[in-house]
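Enquirer: Structure in structure tokens, see below.
The values are calculated or read from the model by the stated rules, or taken from the named source; none is laboratory data. Note that the coordinates shown come from a computational prediction; the quantities given were computed from them, not determined experimentally. Using ideal geometry, Cβ is built from the backbone for each residue, glycine included, and neighbour counts are taken over all protein chains shown. Keep in mind that these areas ignore ligands, DNA and RNA; they rest on the heavy atoms of the full protein, side chains included. Shrake-Rupley method; radii C 1.70, N 1.55, O 1.52, S 1.80 Å.
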Amino acid sequence: MMRDPEQTIGNLIDHQNTSFVGSVDEDGFPEMKAMLPPRKREGIRTFYFTTNTSSMRVRHYRAHPQACIYFMDRRFFRGVMLKGTMEVLEDAASKELIWREGDEIYYPEGVTDPDYCVLRFTADRGRYYTNFSSEDFPVA
């Protein structure tokens, strides 16, 4: 059993360069996508990602906010899945919160680009895998 899920999981997440995000498609089937790591996280409950407003994933989350995110440490063969909801944010404050210099390469019109939005994931629960066993835990 993890002594401190926030520290254990947070440390695992902070050392990964790939995130996997899951959504539910129009037919009710799960889909996964590799993405860059979250731009910002608040503990292990709230995560912020950048994406294109015109993307298929945004359509999925608007129709079905149920989501999961997964992080994997290949070196030690351990991982964590967090389940919760994904929101699509297009307000100026959210967009400015995670904007970085150089993002113009993806969003030529800058932070106000209509094809730039923020995905905010809020976790309810998780499942941690390590040492050939899994453990469920609530996210406070």
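Enquirer: Want the number for R74 to S133: 0.36 nm per residue separation, take away the alpha-carbon distance, what's left? Don't jump to the answer; show the numbers that get you there.
Expert: Values: separation 59, 0.36 × 59 = 21.24 nm, distance 1.56 nm.
Here the answer is 19.7 nm.
Enquirer: Still on this model: Which Cα, out of T130, L97, Q7, lies furthest along the positive dipole direction of the chain (beta carbon charges, K/R +1, D/E -1)?
Expert: Checking the options against the dipole of the chain, the answer is T130.
Enquirer: Grab the Cα-Cα distance for E96 and T18, subtract it from 0.36 nm times how many residues apart they are, and report the gain in nm with one decimal.
Expert: Working it through step by step, the gained length comes to 25.8 nm.
Enquirer: For the chain, compute Rg over Rh where Rg is the Cα radius of gyration and Rh is the Kirkwood radius from the inverse mean 1/r over Cα pairs. Walk me through the numbers on the way to the answer.
Expert: Working: Rg = 15.3 Å, Rh = 15.6 Å.
Across the chain, the Cα-based Rg/Rh ratio is 0.98.
Enquirer: Now for a different question. Tell me, in nm to one decimal, what length is gained between I105 and R39 on full extension, where the rule is 0.36 nm per residue of separation less the Cα-Cα distance?
Expert: Roughly 22.1 nm would be gained on extension.
Enquirer: Something else about it: Would you kindly find the accessible area of D91, with a 1.4 Å probe and non-protein molecules such as ligands, DNA and RNA excluded, rounding to the nearest 10 Å²?
Expert: D91 has an accessible surface of roughly 70 Å² with all protein chains in place.
Enquirer: So, with +1 on the Cβ of K and R and -1 on the Cβ of D and E, and no other charges, what is the size of the charge dipole of the range 5-138 about its Cα centre, to the nearest 20 debye?
Expert: Numbers: 17 positive and 21 negative charges, 112 e Å.
It works out to roughly 540 debye.
Enquirer: Throw me the Rg/Rh for the range 85-140, computed over C-alpha atoms with Kirkwood Rh, two decimals.
Expert: Reported Rg/Rh (Cα atoms, Kirkwood Rh): 1.21.
Enquirer: Continuing with this model, one more query. Leaving ligands and nucleic acids out of the surface, order R39, R3, R127 by accessible area at 1.4 Å, largest first.
Expert: Of R39, R3, R127, the descending order of accessible area is R3, R127, R39.
Enquirer: On a 0 to 90 degree scale, rounded to 10, what angle separates helix 5-14 from the longest Cα axis of the chain?
Expert: That helix lies at roughly 50 degrees to the long axis.
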